[in-house]
1. Taking all pairs of distinct Cα atoms, average 1/r, flip it, and tell me the Kirkwood hydrodynamic radius of the range 82-162 in Å to one decimal place.
2. Note the full-extension length gain between T114 and D58 as 0.36 nm times their separation in residues minus their Cα-Cα distance, in nm to one decimal.
3. In terms of modelled amide H atoms, which long-range or inter-chain residues lie less than 5 Å from the amide H of K105?
4. Quick one: if you stick a label point 7 Å off each Cα along the C-beta vector at A129 and Q37, how many nm between them?
5. Please list the non-local residues whose amide H lies under 5 Å from the amide H of A40, H modeled 1.01 Å from N, same-chain partners needing a gap of 5 or more.
6. Report the dimensions of the range 59-114 along its three principal axes from the alpha-carbon atoms, largest first, rounded to Å.
7. Could you do me a favour and compute the accessible area per residue for the range 88-162, 1.4 Å probe, result in Å²?
8. If you roll a 1.4 angstrom probe over the protein chains with everything in place, what fraction of the accessible area of the range 88-139 belongs to carbon and sulfur, to the nearest %?
Amino acid sequence: MKRIVVSLGLCIVMAVAPAAAVNAQDANEGGTENEMQELAEYDLEEGGTQSFEIVDEDGEETEIVVEEVPGKARVANGTYRITGKKKHSWTAGFCVKISGNRFTKVYGSFYKATRGSIQNVKLVKNSDAQATLSFIYSYGNIKGNAGVKAKILDKKLIMGKL
């Protein structure tokens, strides 16, 4: 009788557990435009590579990818590479070093225009909790400010497009 109860309990746990597991990418896949967010939230304790689709107030989509750079740091401390990709326009990002739930270093900006050009690139550590990569993106007669911002809050990286 005990074996049947234990086996039945184990089957229930195994049937429920996979359905409850959701990673950052799954949470954003398959959603409608109304369900997409203007900000991406990377869980520092989960780590690894997490990818997000965000939509700005004009309805334009940008992919945000955060990759944990392997190292010997303990959970939530370490180096992370933040990349923003606006489809058919640009890819840009930077690296942040985090210690004690704050940015200790912001460096390594990178950018590439898929179409058009990028000028006046500035990477700024606004505070111990915020960093911004800004630039002017031009395509044809259209010119505007663009970039990627990151903020650290409660062991999470919050990212968005400028």
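1. On the way: mean 1/r = 0.0773 Å⁻¹.
Its Kirkwood hydrodynamic radius stands at 12.9 Å.
2. Working: separation 56, 0.36 × 56 = 20.16 nm, distance 2.03 nm.
Gain on stretching T114 to D58: 18.1 nm.
3. K97
4. Between A129 and Q37, the simple spin-label model gives 1.7 nm.
5. Correct list: M159, G160.
6. Largest to smallest, the principal-axis extents are 37, 21, 18 Å.
7. Numbers: 4070 Å² over 75 residues.
Result: 54 Å² per residue.
8. Values: 1230 of 2700 Å².
Carbon with sulfur: 46 percent of the solvent-accessible area.
The values are calculated or read from the model by the stated rules, or taken from the named source; none is laboratory data. Everything quoted here is computed from the prediction, not taken from an experiment. Neighbour counts are summed over all protein chains in view; Cβ atoms, including those assigned to glycine, are modelled from backbone coordinates with ideal geometry. For accessibility, only protein heavy atoms count, side chains too; no ligands or nucleic acids. Shrake-Rupley method; radii C 1.70, N 1.55, O 1.52, S 1.80 Å.
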